[in-house]
1. Within the range 79-106, take every residue that is of a type in the set (S, T, Y) and over 14 Å from T62 (Cα atoms) and give me the one that is farthest from the ligand (Cβ to nearest atom).
2. For the range 160-183, indicate whether the set of residues that are over 29 Å from R285 (Cβ atoms) and under 17 Å from the mean Cα position of the chain (by Cα) is non-empty.
3. Got at least one residue in the range 13-36 being surrounded by fewer than 17 Cβ atoms within 10 Å (Cβ to Cβ), charged (D, E, K, R), away from the ligand (no atom under 14 Å from the Cβ) and assigned to a helix (DSSP H, G or I)?
4. From (1) in a loop (DSSP other than H, G, I, E, B); (2) modelled with pLDDT under 60, pick out the condition that doesn't hold for T295.
5. Mind checking which residues of the range 107-127 are more than 13 Å from the ligand (Cβ to nearest atom), under 23 Å from N240 (Cβ atoms) and either in contact with a His (Cβ under 6 Å, 6 or more places away or on another chain) or in contact (Cβ under 8 Å) with a residue 40 or more places away in the chain (or both)?
6. Condition first: of a type in the set (A, V, I, L, M), near the ligand (Cβ under 9 Å from one of its atoms) and in a loop (DSSP other than H, G, I, E, B). Can you find one or more residues in the range 54-68 that meet it?
7. Could you list all residues from the range 278-291 that are in a loop (DSSP other than H, G, I, E, B) and either within 23 Å of D124 (Cβ to Cβ) or under 18 Å from the mean Cα position of the chain (by Cα) (or both)?
8. Of all residues in the range 92-116, which are of a type in the set (S, T, N, Q) and buried (at least 24 other Cβ atoms within 10 Å of the Cβ)?
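The values are calculated or read from the model by the stated rules, or taken from the named source; none is laboratory data. Quick caveat, the model's predicted, so the values are computed rather than measured. Cβ atoms come from the backbone with ideal geometry, glycine included; neighbour counts cover every protein chain shown.
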Amino acid sequence: MHGQKRIMVTGGTGFLGSFLCERLLREGNDVLAVDNYYTGSRDNVLHLLDDPRFEILRHDITFPLYVEVDEIYNLACPASPVHYQVDPVQTVKTNVHGAINMLGLAKRTKAKIFQASTSEVYGDPAVHPQPEEYRGSVNPIGPRACYDEGKRCAETLFFDYHRQYGVEIRVARIFNTYGPRMQTNDGRVVSNFIVQALQNEPITIFGNGTQTRSFCYVDDLIEGFIRLMGAPNGVTGPINLGNPGEFTVRELAEMVIEMTGSKSSIVYKPLPVDDPTQRKPDISRAKQDLGWQPTVNLHEGLEKTIAYFEWKLSGGTRSMPGVRSPQPAYTHLPTPAVGIPVQEAASIGT
Ligand SMILES: NC(=O)c1ccc[n+]([C@@H]2O[C@H](COP(=O)([O-])OP(=O)(O)OC[C@H]3O[C@@H](n4cnc5c(N)ncnc54)[C@H](O)[C@@H]3O)[C@@H](O)[C@H]2O)c1
């Protein structure tokens, strides 16, 4: 138990944010979720709303915010390409103006601040697996740059606020993470394969399916967040958090088909622009500095995630631990979010 801090989570009603809020409340903290509901939803935190220590503020972090807090987890930013490419300028603003606003708040309140950075800062990597020292290979003018370069600039700002103003920072580079509460239409590879398989629709793989990804289950990642935030001063990161188990996209598709008993076929399409061909974290630093490594294997994590999507596709009528029935009024993006149908987006990972 850490307990009794005032903790702000930007992006607190999103996929990862909702699990983080849940964990922080369980540890006895006051939690303020700040979210503009761009890709987040009150459905994700409905089960927390009765907790008097939980509060949600509808706010866009590209605008300044004045609250008193002890710690800030900055997660606000759409994570999936189909969402962050809808309005790339807003994505850059969320990453850059949002970071400036949140770092300003941390500076004023002397709060410790955590940044949800990403493996996308490595771009399409020439080094495999990717250690934190690797500086990456990012196309600064491509369609993914609003996210990749936005996150890189946010890291720069975090380290400049740290050096220039002594703000206490923690920077995590998150690799592909999955679990319940991912959206059905967000183009992320795990959720889309599961949704397609459960509906016996063809599963679309871009390229020949030999591109690799690593998949971290959400509970493992949140444990990494908590450890990094609780690490001694001086452990600023960046620290890779992800599961080093490496799977081809084709292996993932076959596993999902088998586990769901689906009749789905697999169809192949050309690779999208700048889609990385290999992704696998080197987590030596996380092991050494945080004593952290993932504990949930892919099969186990997929079981839980498949159970969630079965529930979701059933209209949420069955009961499911940690989830209350959805309230569609709070769903903000149309389905599908942009002109990329679910099948078209299916192999794009974050
Ligand atoms: N899930 C992953 O695999 C992964 C991998 C790498 C990095 N990350 C990072 O982790 C964070 C959370 O990702 P997620 O998977 O939960 O995504 P998500 O899209 O489910 O959550 C993002 C949340 O941020 C909110 N948001 C977006 N722009 C905002 C703004 N301007 N002001 C306030 N709120 C805003 C959204 O409404 C949503 O609730 C993101 O910063 C993402 O870049 C996630």
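1. Among residues in the range 79-106 that are of a type in the set (S, T, Y) and over 14 Å from T62 (Cα atoms), the one farthest from the ligand (Cβ to nearest atom) is Y84.
2. yes
3. So far as the range 13-36 goes, yes, one or more of its residues are surrounded by fewer than 17 Cβ atoms within 10 Å (Cβ to Cβ), charged (D, E, K, R), away from the ligand (no atom under 14 Å from the Cβ) and assigned to a helix (DSSP H, G or I).
4. Answer for T295: the failing condition is (2).
5. Within the range 107-127, K112, I113, G123, D124, P125 qualify.
6. yes
7. Scanning the range 278-291 gives Q278, R279, K280, D282, I283.
8. Going residue by residue through the range 92-116, those that are of a type in the set (S, T, N, Q) are 94-95, 101, 109, 115.
Matches in the range 92-116: T94, N95, Q115.
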